[in-house]
Amino acid sequence: MVILQNISYIHTDEDLLFDNINLTINKHDKTALIGNNGVGKSTLLKIIAGILKPSGGTVTVESKPYYIPQLFGQFNEHSIAHALKIKGKLNALKEILDGKINETNLTQLDDDWMIEERCQEALTYWKLDGLDLTQKLGTLSGGQKTKIFLAGMFIHQPELILMDEPGNHLDVQNRHLLNDFIRTTSSTLIVVSHDRKLLNMLHPVHELSRQGITVYGGNYNFYVAQKRIESNALNENVHRKENALRKAREMERKTAEKKQKRDVRGRKKHQKEGLPAVVMNALKNKSEKSTARIKDIHAEKVGSISRELHQLRKELPGVDKMKFDFNNSLLHRGKILVHVKNVNVGYDRKLLWEQPVNFMIRSGERIAVRGPNGSGKTTLIKTILGEIEPQSGFVRRADIKAVYIDQDYSLIDDQFTVLGQAQQFNSIPLQEHEIKARLNRFLFPKDYWDKPCGVLSGGEKMRLMLCSLNIANQAPDMIILDEPTNNLDIQNMEILTAAISDYQGTLMVISHDEYFLEQINIKRTIDLT
């Protein structure tokens, strides 16, 4: 069991990350911990793991947790065995088998005589056969590093496992292995992930936000349904408050007009009656005070409703604040855009694919390129775009406008400011205030406009890219996405999903995120081996 009571955490720069966090995880629970980037999910996992100490509150953890980090660079100079914290046991076993039976080695081994067999079984499960546990972690690929720490679960057999984005760098095959483990394990799990297929295997869902932790008693689909209900209610409140604001402003205007007409009639009447100037001035002052008092009452009412409306709008999900308004591609559906015939690509005189690649892409298709890590998916895309020349065969391309969007969103120039980047796509052209209005709509308020794009997060770059395409007005004939959901939180993935779902042109996607592919209605796959 894990119990967090009134947990707070303050960064070293004295910024408060979160406060008054309460969380209970029962034995054998398989729990998802979700939330937008920057709310502190990884920090909270590290507090449970004992790597970080909270600034306040108490942490109760009944069994020693096994922690799988999101980043592994800190282990690059360590051996695999050292990174997995099994180096001491393996050395002790080796010395005992060599005849060095002493108290130190026996204590270190702690009767774990099957440690080598479990290591081998774990490496075999994760397709890491042949790896030497003495080699440095820095010599491995990102996917291999992830699988090493996943293998550690089999080796240590912990009762409590903490996973921080365990699907990062894993191809579809290895994600299936991870899902099988999650489905069958009896260990208690707390998982931070943006892989929505994986999240659907976990429940309950704990959402971390600035307001604390909210528990949703089901899997990710249940969470989405509940959030949709909340969002619909919030949108209805916004709509009611907008109507109330319009009525209050109309009442303010009508009341001012009526008061003005009454004052005019009163002055005319008093002038006819020939009242002395001193009396007229007194009546005038009284009227002005009355007008000011009525104006203040209405202004306060309008201001109060405006503040409430502003707060409600701030609480709206990001995707509800945006309208993508992509114009459709002008190409007729079914037109052949790309013809790939007997294509192969070589590196160091070695061909990449066992069999040449053949396919056509027609206007309006939605295609996924699939294959394990290292199968040449990105290479194929660059060959289609003409950035790489094939060693054999040919690629014929129609005269089309294609946009290639990689996982780093390199379409965004880090040297530009946010406003400057948006203006690069202003081909209509729009007035500057219209560009700023669209930036606001894509969650870039005034304090973002002068920021350099280089400091933006992956999710922010993605939204700026969508905003820029929106400003360009005419959608490209083809959009090519290369692992677009890597490093995005769930909110930004939903924004991207909504935008791509609205897009009516030709779509080609490389992604290991099967849930994302389902949501954007992929109809066909090109499989590489």
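The values are calculated or read from the model by the stated rules, or taken from the named source; none is laboratory data. A quick note: this is a predicted structure, and the numbers were derived from the prediction, not measured. We place every Cβ from the backbone using ideal geometry, glycine too, and count neighbours over all the protein chains shown. Areas reflect the complete protein model, heavy atoms only, side chains present, ligands, DNA and RNA absent. Shrake-Rupley method; radii C 1.70, N 1.55, O 1.52, S 1.80 Å.
A few notes on this one:
- Contour excess over end-to-end distance, with Cα ends at ARG307 and HIS433 and 0.36 nm allotted per residue: 43.0 nm
- Computed extension gain for ASP111 through LEU351, at 0.36 nm per residue and net of the alpha carbon distance, reaches 81.4 nm.
- Loop-located trypsin sites (Lys or Arg not before Pro) in region 134-221, at most 14 other Cβ atoms within 10 Å (DSSP): ARG210
- Take GLU387: with every protein chain present and a 1.4 Å probe, its accessible area is about 110 Å².
- For region 382-439, the calculated P(r) over all alpha carbon pairs, in 5 Å bins from 0 to the bin holding the longest distance, is 4, 13, 18, 16, 15, 13, 9, 7, 4, 1, 0 percent.
- Computing Rg and the Kirkwood Rh from the Cα coordinates of the chain gives a ratio, Rg/Rh, of 1.11.
- Tilt relative to the chain, helix 432-441 - C-alpha long axis, 0 to 90 degrees, to 10: 60 degrees
- Label-to-label distance for GLN120 and ASN373 is 2.5 nm, based on points extended 7 Å past Cα in the beta-carbon direction.
- Percent of beta bridges antiparallel (DSSP, the chain, rounded to nearest 5): 50 percent
- Rg/Rh for region 96-172 stands at 1.04; both radii use Cα atoms, and Rh follows the Kirkwood definition.
- Across region 25-173, Cα-Cα pairs more than 17 Å apart make up 67 percent of the total.
- Extension gain for the segment ARG228 to SER186, taken as residue separation times 0.36 nm less the Cα-Cα distance, is 11.9 nm to one decimal.
- Dipole of region 130-175 [Lys/Arg +1, Asp/Glu -1 at C-beta], most positive-end residue of LEU140, ALA151, ASN174: LEU140
- The angle between the Cα long axis of helix 220-273 and the longest principal axis of the Cα atoms of the chain comes to about 10 degrees, rounded to the nearest 10.
- Remark: spin-label model distance SER209-GLN415 equals 4.1 nm, labels positioned 7 Å along the Cα→Cβ axis.
- Low-density loop cleavage sites - trypsin sites (Lys or Arg not before Pro) in region 356-456, where at most 15 other Cβ are within 10 Å (DSSP): LYS401
- Mean residue ellipticity (222 nm) of the chain, computed from DSSP H runs ≥ 4 via -39,500 (n - 2.57), nearest 500: -14000 deg cm²/dmol
- Residues in the chain average 53 Å² of solvent-accessible surface per residue, probe 1.4 Å, ligands and nucleic acids excluded.
- Efficiency of FRET from Cβ geometry, ASN521 and HIS339, R₀ 30 Å, rounded to 0.05: 0.80
- THR214 - accessible surface, heavy atoms, 1.4 Å probe, Å² rounded to 10: 60 Å²
- Among the listed pairs LYS241/LYS261; LYS85/LYS127; LYS145/LYS197; LYS41/LYS197; LYS341/LYS401; LYS197/LYS227, those with a Cα-Cα distance over 26 Å are LYS241/LYS261.
- In degrees, nearest ten, helix 277-315 long axis to first principal axis of the chain (Cα): 20 degrees
- Cut-off 11 Å, label 7 Å out along Cα→Cβ of GLU159, residues of region 182-203 by amide N: 188
- For region 97-142 versus region 500-527, the spacing of their alpha-carbon centroids is 41 Å.
- Inter-site label distance for LYS94 and PHE359 at 7 Å from Cα along Cβ, in nm: 4.7 nm
- FRET efficiency for the pair THR255 and THR104, taken as 1/(1 + (r/R0)^6) with r the Cβ-Cβ distance and R0 = 60 Å, rounds to 0.10.
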